[in-house]
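Here is the structure we will look at.
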């Protein structure tokens, strides 16, 4: 039973990402600490001192302005309490008898007055005693795991304080950030997350439509929790990796739902990346369409029967949203389109042949590159760039002017909605 309990305690620690620590992490750490204290009591160890230290965490959690430095102090207190337990129960308890017993067992040959032999004997006693004590500590139920756990927490808090020692604002954002509220699937319910503050209006009502049974293309929402902690999320690599892992998991879920693969040439998953604020800013923020496409994927898709026109039009639309986000106007792209219409005597773009649509897409791409705008061909780079830029568009000049005119606070922020493009989703599902 002790072996099973020890294994479960190890799994508790592994369930936490201790590369970074937020207040939400400390909530879970606090819960786990009480489990470890219960284990020590089963081992017959008095835990009054440690209980008093852990109660500091209990008292600190409701305090909104409690700092990372104060949490670090508390965990140092807890670590000191663990060392006191080790000293009282495993070092001092055996300090008198161990040298006598070790010398009796080892019985070194020692001539009277030979100092070097005495030194070797003392060293042997120390080594054997330390080995015995370490063995006792490691076999004690929960003690070694608890000690390692608290040291890992202290190490991470120290690293965070060192990294943000000159920027307490980011450190405070880090402590307030809750990674478990960062991403929500459109097709899954979550009582803690399903509100307009976190999901924004667009994301919230997309979920409502799903709950009513409407065939909403699958996707996920990067919530306003990420916006509020933006500088910490994108300024600290461990939190950024955590968010990236959560997004990658959602992409994998989308691939399973749609039967498509993001970045695949022959069967690509294409995405829209759109803003979704709690307080609507109509037309003020940007969107990206057909994220995940490039010339190679368009060429591959265009090889399918009756798909060539749609493939190159999808690439053209992606290029236009990309270029407009980087400062090119809609008129810039309309001029290219109108030039082709006049040259070939057509009124609507649907009348272009597939080959001409490919040529138009290539003209869009050339126009973007001629204006010095970098264009990402790698689908994951496209997605990352689109997400970051949609968040950044909250602070675009037109969005700020609109909020000022409407007397809206800048603190609302935006969520980001990533969703399968409806044309490819419906084509796959046969709707």
Residue 306 fails exactly one of (1) at pLDDT below 95; (2) assigned to a helix (DSSP H, G or I); (3) exposed (fewer than 14 other Cβ atoms within 10 Å of the Cβ), namely (2)
From the list 388, 383, pick out the single residue that is in the same structural domain as residue 204 (by TED's automatic domain parsing), under 30 Å from residue 312 (Cα atoms) and modelled with pLDDT under 95. 388
Residue within the stretch 352-373 that is in the same structural domain as residue 203 (by TED's automatic domain parsing), modelled with pLDDT of 95 or more, within 24 Å of the chain's Cα centre (by Cα) and not in a loop (DSSP other than H, G, I, E, B) present: no
I'm told residue 282 meets every condition in (1) farther than 16 Å from residue 376 by Cβ; (2) part of a helix (DSSP H, G or I); (3) out of contact with any strand residue (DSSP E or B) (no Cβ under 8 Å at 6 or more places or on another chain) except one. Can you identify the failing condition by its number? (2)
If residue 234 satisfies every condition in (1) closer than 20 Å to residue 387 by Cα; (2) outside the structural domain of residue 283 (by TED's automatic domain parsing) but one, which is the exception? (2)
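Based on this model, can you work out whether residue 45 counts as outside any helix (DSSP H, G or I) and at pLDDT below 90?
Details: outside any helix (DSSP H, G or I): yes; at pLDDT below 90: yes.
Considered against the rule, which asks whether it is outside any helix (DSSP H, G or I) and at pLDDT below 90, residue 45 comes out as yes.
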Within the stretch 379-425, how many residues turn out to be assigned to a helix (DSSP H, G or I), in contact (Cβ under 8 Å) with a residue 40 or more places away in the chain and under 21 Å from residue 311 (Cβ atoms)? 9
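Going by the conditions given, is residue 266 at pLDDT below 95 and on the phi < 0 side of the Ramachandran plot?
Details: at pLDDT below 95: yes; on the phi < 0 side of the Ramachandran plot: yes.
Yes, satisfied.
Looking at the stretch 285-299, which of the residues that are modelled with pLDDT under 90 and assigned to a loop (DSSP other than H, G, I, E, B) is surrounded by the most Cβ atoms within 10 Å (Cβ to Cβ)?
Here is the first cut: in the stretch 285-299, the ones modelled with pLDDT under 90 are 285-287.
Retained after the next criterion (residues that are assigned to a loop (DSSP other than H, G, I, E, B)): 285-286.
On the way: 285: 23, 286: 21.
If we take residues in the stretch 285-299 being modelled with pLDDT under 90 and assigned to a loop (DSSP other than H, G, I, E, B), then 285 is surrounded by the most Cβ atoms within 10 Å (Cβ to Cβ).
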Among residues of the stretch 245-270, those that are assigned to a loop (DSSP other than H, G, I, E, B) and surrounded by 13 or more Cβ atoms within 10 Å (Cβ to Cβ), counted: 8
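Check every one of the helices (runs of 4 or more DSSP H) wholly within the stretch 159-235 and list those with 3 or more residues that are within 14 Å of the chain's Cα centre (by Cα) and surrounded by 14 or more Cβ atoms within 10 Å (Cβ to Cβ). Give the derivation first.
Values: elements: 168-176, 196-211, 224-228, 230-235.
The qualifying helices (runs of 4 or more DSSP H) are 224-228, 230-235.
Residues of the stretch 325-335 being in contact (Cβ under 8 Å) with a residue 12 or more places away in the chain and surrounded by fewer than 17 Cβ atoms within 10 Å (Cβ to Cβ), which ones?
Here is the first cut: in the stretch 325-335, the residues in contact (Cβ under 8 Å) with a residue 12 or more places away in the chain are 325-328, 332-333.
Once the filter is applied, which keeps residues that are in contact (Cβ under 8 Å) with a residue 12 or more places away in the chain and surrounded by fewer than 17 Cβ atoms within 10 Å (Cβ to Cβ), the stretch 325-335 yields 326, 327, 332.
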Subset of the stretch 20-37 (residues that are surrounded by fewer than 14 Cβ atoms within 10 Å (Cβ to Cβ) and either touching a residue at least 24 places away in the same chain (Cβ under 8 Å) or part of a loop (DSSP other than H, G, I, E, B) (or both)): 27
Among the numbered criteria (1) within 29 Å of residue 173 (Cβ to Cβ); (2) without any contact (Cβ under 8 Å) to a residue 40 or more places away in the chain; (3) touching a strand residue (DSSP E or B) at 6+ places or on another chain (Cβ under 8 Å), which single criterion is violated by residue 255? (1)
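The values are calculated or read from the model by the stated rules, or taken from the named source; none is laboratory data. All values reported here derive from a predicted model rather than from experimental measurement. Note: ideal-geometry Cβ built from the backbone for every residue, glycine included; neighbour counts use all protein chains shown.
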